[in-house]
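Here is the structure we will look at.
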Amino acid sequence: MDSVEKEKAALILGIETDARAEAGKIIEEAEKKAAEKRVYAEKKLESMLDGARQKAAEQAEAAKKKIISGAELEAKRRSMHVRDAAIRDILDLAEKKLYTMNDNADYRSVLASWITEAAIGLDAESAQVNASEKERPLINDQLLSAVVDRIRARSGRQVKLTLSAGLPLKSQGVVVTAADGRTAFNNQVKTRMLRKQREIRAVIYDALFGDDRKGQ
């Protein structure tokens, strides 16, 4: 009887020992897996944080570039506005200066140059010259004769010029019209400035802002 009880006790002890060993293995495995999951979770979280930081940095850089680009564009727009305003002011002053030259003794030579340019551009054998009411008295036979000589010297052509019998022009400058009335060359101040606007603007721009452009 005692041997049976001993065997039974030994069997139970063996089972308990095996159970504890198995339980220990299970707990150890569970802890190992839990630790691995914690490491994975930490790595994943860190990766997500790195991604978020990178995205935030990229967005911040993009926002910075956008702000800088907008500021540069606005500065350029304002600079161009200031320059255009300055050029317009100078053109207005030039036009007013030409208007005040009507009373200057040298203004006849200015008219002669304008009439010469217009007559050569018109390329007609006979033409009439018209100007504003204030300028017409300055255009006499002597001035027209001098212009004819200039045209012949420059182009080799003989041109007949007379003062127009029509109404005076409303604005400063001259208009040379072919005798048949079909063609005309407008050399009034406003038209001249429009025609040569690009050249005039380039000269003014270089004079005012040439140093800025070299520094860029």
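What follows is calculated from the coordinates using simple rules that are stated; it is not laboratory data. None of the values given here were measured: they were computed from a predicted structure. Here the Cβ is made from the backbone with ideal geometry for all residues, glycine too, and neighbour counts use every protein chain on show.
Between residue 125 and residue 146, what is the label-point separation in nm under the 7 Å Cα-to-beta-carbon projection?
2.8 nm
If you project the alpha carbons of region 1-117 onto their three principal axes, what span does each projection cover, largest first, in Å?
Computed over region 1-117, the largest-to-smallest principal extents equal 155, 22, 9 Å.
Using the scaling law 2.2 N^0.38 Å as the reference, what is the normalised Cα Rg of region 104-199?
0.99
Net charge within 14 Å of residue 61 by Cβ-Cβ distance, Lys/Arg positive one each and Asp/Glu negative one each, not counting residue 61 itself?
+4
Using a cut-off of 15 Å between beta-carbons, work out the net charge of the residues near residue 138 (Lys and Arg +1, Asp and Glu -1, residue 138 not included).
That works out to -2.
Run the dipole for region 104-199 about the Cα centre, Lys and Arg Cβ at +1, Asp and Glu Cβ at -1, nothing else charged, and hand back the magnitude in debye, nearest 20.
280 debye
Where in the chain are the DSSP H helices whose alpha-carbon span along the long axis reaches 18 Å or more and whose Kyte-Doolittle mean is at least 0.0?
The answer, listed by residue number, is 107-122.
Near residue 170, within a Cβ-to-Cβ distance under 14 Å, what is the net charge of the other residues, with Lys and Arg +1 and Asp and Glu -1?
My count for the surroundings of residue 170 gives +1.
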